[in-house]
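To start, the structure itself, in structure tokens.
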Amino acid sequence: AGQRLAVARRLERAEVEAFAALTGDLNPVHLTSERPLVHGMLCASLIPALFAARLPGAVYVSQGLEFRAPVFVGDTVEAEILVERAKDLRGRLVVDCATHVYVRTEREVAVQGKARVLLDDYERLLQRASSLIAGQER
């Protein structure tokens, strides 16, 4: 428990437009307003992307989300995963995590929730996660 993975990313208009086209969420607040909002689910999608990038092979089982603050086109966000609990379940590691997406330099919480992933080959993945957490990679 307590391990942390994080990634920062600036969200641009082209990504918002592509997300709107892909999902069909064409709400004008995302596309034509004076100060367009980034889709909350686009921000939240950084969480499973972080699992996939840092723990390849992890199976994303569940995610609860709460949207707390707006993210505007051009904002930089930081997606964060904090391991809260891990337990062995018949040869698989079940990992429960707190998840956050922070926005702006004040690190205001834009999205928060809880996620669960399963790791099959968790010996190898834990070694990789340990090296990431130890700061060898961020």
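The values are calculated or read from the model by the stated rules, or taken from the named source; none is laboratory data. Given the structure is predicted, the values throughout are model-derived calculations rather than measurements. So basically every Cβ, Gly included, is an ideal-geometry build from the backbone, and we count neighbours across all protein chains shown. For accessibility, only protein heavy atoms count, side chains too; no ligands or nucleic acids. Shrake-Rupley method; radii C 1.70, N 1.55, O 1.52, S 1.80 Å.
Worth a mention:
- For the stretch 2-30, a residue qualifies if it is touching a helix residue (DSSP H, G or I) at 6+ places or on another chain (Cβ under 8 Å) and of a type in the set (D, E, K, R), and the qualifying residues are ARG4, ARG9, GLU15, GLU17, ASP25.
- If you go through the stretch 48-68 and pick out every residue that is open to solvent by 50 Å² or more (accessible area, probe 1.4 Å), under 12 Å from VAL117 (Cα atoms) and outside any loop (DSSP other than H, G, I, E, B), you end up with 6.
- Restricting attention to the stretch 69-113, the residues that are assigned to a loop (DSSP other than H, G, I, E, B) and surrounded by 14 or more Cβ atoms within 10 Å (Cβ to Cβ) total 6.
- Out of GLU34, GLU17, sole residue that is open to solvent by 60 Å² or more (accessible area, probe 1.4 Å), among the acidic types (Asp, Glu) and in a helix (DSSP H, G or I): GLU17
- Of residues in the stretch 20-31 being in contact (Cβ under 8 Å) with a residue 12 or more places away in the chain and of a type outside the set (S, T, N, Q), the one most open to solvent (accessible area, probe 1.4 Å): ASP25
- Some residue of the stretch 2-13 being surrounded by fewer than 15 Cβ atoms within 10 Å (Cβ to Cβ), assigned to a strand (DSSP E or B), touching a residue at least 60 places away in the same chain (Cβ under 8 Å) and touching a Cys at 6+ places or on another chain (Cβ under 9 Å): no
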